[in-house]
Amino acid sequence: MGGALFFFFPRVNAGFLGRTGMQPSLMTGFSDDVELGQIGEIKKNSAVVMRIKTGKPVAYPRLRWRGIALSAFDGKRWYSPNHDASAIPPSANGWIHIAGAPPKPESTSVGLRYTVFLQPLATDTIFGPADIIAVRGNFSGEGSNQDAAARRSFLLRDSTDSLANPFHNYSSIRYEGMSMLPAEDPVKLRGASTEYPAEIRETYLQLPPALDRRIPDFAREITARARTPYDKAITIESYLQTRFRYTLNLTGKPGDDPLAHFLFETRAGHCEYFSSAMAIMLRTLDIPSREVNGFLPGEYNDLGDDYIVRASDAHSWVEVYFSGSGWRTFDPTPASADIAVGLFSRLGEYLDWLELSWNEWVINYDFSHQVLLAQSLQRGSRNWTESARAWFEKENARGKKWIRSWQAEHNALRFLLPLALLLFLVILRFEWLGRGIHRLWLSWRLRTADPARSNPGLASQLYLELLRLLSRHGFARRDSETPLEFAAAVTQSGLAPAVREFTQLYTRARFGDAPCDMLRLREILNQVRSALRRQ
């Protein structure tokens with residue numbers, strides 16, 4: 001799923017406080033508003049934004065690293081006109097207990113403790129999952145004693161439950177956090193009252209003055225059979241996920257109303273189009289909602305037991321208000337088809353683990369320990385460098401001598417080596433090696449995945465394998481087609497039933513949190529392969 005359109009610009013937008021003393025050209029950033037159509041090149045940026053240690057993968061379908069919520073929409077841009085930020089001081093042990101967090105979490109909620117390693121950003125926003133209960137860290141970046149610095153730090157919290165660092169995130173920051181991950185209780189949410197507090201109605205039912213008249217009609221049409229606000233939210237979320245298409249390559253000119261252009265013309269866009277469409281349609285139905293900026297979970301690295309969150313994981317989603325339960329997360333953006341399996345992904349995980357370990361060691365140790373380490377490295381660096389250079393020169397000479405000797409003894413192989421090299425280049429040119437590795441990896445995932453658990457990522461991988469098979473035989477899915485439309489377009493008697501059943505299982509596993517039936521999906525893939533061979 002896609003990135004949002006809010007970061008990594010050299011300029012800095014206004015946020016919780018006035019930004020002063022900033023050198024934006026020296027660091028990446030995160031903008032505190034969302035303007036439709038400015039995603040830029042963010043999805044191509046693989047820079048690491050933060051690492052979050054959780055100890056193990058978090059089994060929570062709606063896990064997001066929440067940043068800032070936005071309440072007002074003018075037709076092109078989301079923003080918060082008045083933050084009303086208040087300072088939250090730390091307790092004696094340095095923990096900052098966030099006001100407004102649920103004091104009595106539901107029995108089905110899950111507690112999560114984590115550690116965030118945040119890279120320098122041009123924003124004051126503090127990130128965390130769902131309902132943050134408490135955080136602790138040296139947010140000011142001053143002093144060598146981490147415990148003492150944490151007791152001197154404080155944070156700002158605004159009316160949208162967003163947190164900000166008044167000392168700014170201009171350098172790397174490490175902080176601990178505790179959050180509650182609220183379980184989705186459809187029965188309770190369906191029974192929620194539609195009598196909302198006055199401040200909720202005033203702030204979160206606002207609509208742009210020149211809203212296209214087709215949008216309220218469209219919202220009512222989609223939700224005609226839904227009776228409760230919860231059912232209407234689920235219906236709109238599912239409709240956008242399955243009937244619209246995710247893309248970074250926007251076409252046409254959106255004009256003065258990019259939201260209407262998205263809903264009624266292109267029916268394709270990146271995440272802030274989907275979240276904006278859902279939030280505004282809900283507001284036309286008198287359901288309070290707001291836009292949220294943050295990040296998708298990212299890639300879990302089992303070496304460091306942490307999530308690696310990159311700029312390309314940037315995302316926008318929706319929060320909907322339910323009386324008695326508060327704000328709940330909804331994400332109408334469909335999955336991106338750009339899922340790649342890299343040959344050196346495991347090597348990258350090792351490198352990320354090494355970087356994480358180094359950053360954690362540097363941050364956790366006092367300044368005096370760092371000075372001692374630097375002095376020790378300085379004393380030994382000269383001797384080590386000279387020894388290393390001599391060793392490499394010796395081994396280089398030995399290697400060259402061995403190659404010349406081997407060539408002399410195996411003269412006949414002089415002609416075979418170019419042929420072998422040519423064959424290797426052909427394999428690389430037609431990506432046979434990558435395809436073989438991908439097939440082996442997918443087969444291993446099918447054997448090791450838990451069939452009783454929802455696995456949207458594996459469902460997406462299997463669907464991409466189906467598209468690859470069909471594309472090789474002339475059944476290519478157009479960019480404008482949704483999965484259901486593409487399945488309906490396959491009319492060959494030997495293929496149509498299998499493709500439609502596969503697509504139905506995929507959409508349920510990908511968008512409906514249903515278990516991924518790997519055995520059946522694998523059987524259908526084999527049926528498709530057999531049918532294609534017979535053609």
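Taking each residue as 0.36 nm, the span from LEU207 to ALA514 lengthens on full extension beyond its C-alpha to C-alpha distance by 107.1 nm. By other beta-carbon atoms within 10 Å, ranking ASP306, ASP161 with the fewest at the front produces ASP161, ASP306.
Summarising the label geometry, the points placed 7 Å from Cα in the beta-carbon direction at PHE392 and ASP256 lie 6.4 nm from one another.
Dipole size of the stretch 449-534 about its Cα centre, with +1 on Lys/Arg Cβ and -1 on Asp/Glu Cβ: approximately 340 debye, rounded to the nearest 20.
Here each label is just a point 7 Å from Cα along the line to Cβ, and for ARG190 and ARG500 those points are 2.9 nm apart. For the stretch 24-330, the fraction of C-alpha pairs more than 35 angstrom apart is 19%.
Per-residue packing, averaged as other Cβ atoms within 10 Å, sorts the ranges 185-193, 389-397, 240-248 into the order 240-248, 185-193, 389-397, beginning with the highest.
Report the FRET efficiency, 1/(1 + (r/R0)^6), for ASN249 and SER323, where r is their Cβ-Cβ distance and R0 is 35 Å, rounded to 0.05.
On the way: r = 41 Å, r/R0 = 1.17.
About 0.30, to the nearest 0.05.
Please order GLU481, GLU195 by the number of other Cβ within 10 Å, starting at the fewest. Kindly include the intermediate steps, with their values, before the conclusion.
Values: GLU481 14, GLU195 7.
By the 10 Å Cβ count, ascending, the order reads GLU195, GLU481.
Here the simple spin-label model places points 7 Å from the Cα toward Cβ, and for LEU423 and SER159 these points are separated by 7.2 nm.
With contacts taken as Cα pairs under 8 Å and at least 6 residues apart, the stretch 24-330 reaches a relative contact order of 26 percent.
Dividing the mean sequence gap of close Cα pairs (under 8 Å, 6+ apart) by how many residues the stretch 472-535 holds gives a relative contact order of 30 percent. Potential lengthening of the chain between HIS97 and ALA226 amounts to 42.6 nm, from the contour at 0.36 nm per residue minus the alpha-carbon distance. Look at LEU519, LEU464, LEU207 and count the other Cβ atoms within 10 Å of each Cβ; fewest to most, that gives LEU519, LEU207, LEU464. Computed log10 I(q)/I(0) for the stretch 449-534 at 0.19, 0.23 Å⁻¹: -0.80, -1.14, from the Debye equation with unit scatterers placed on every C-alpha and solvent omitted.
Every read-out reported here was derived from the displayed coordinates using simple, explicitly stated rules and does not represent laboratory data. Only a predicted model underlies this, so the values are computations on that prediction, with no experimental measurement involved. All Cβ positions, glycine included, derive from the backbone under ideal geometry; neighbour counts span all protein chains shown.
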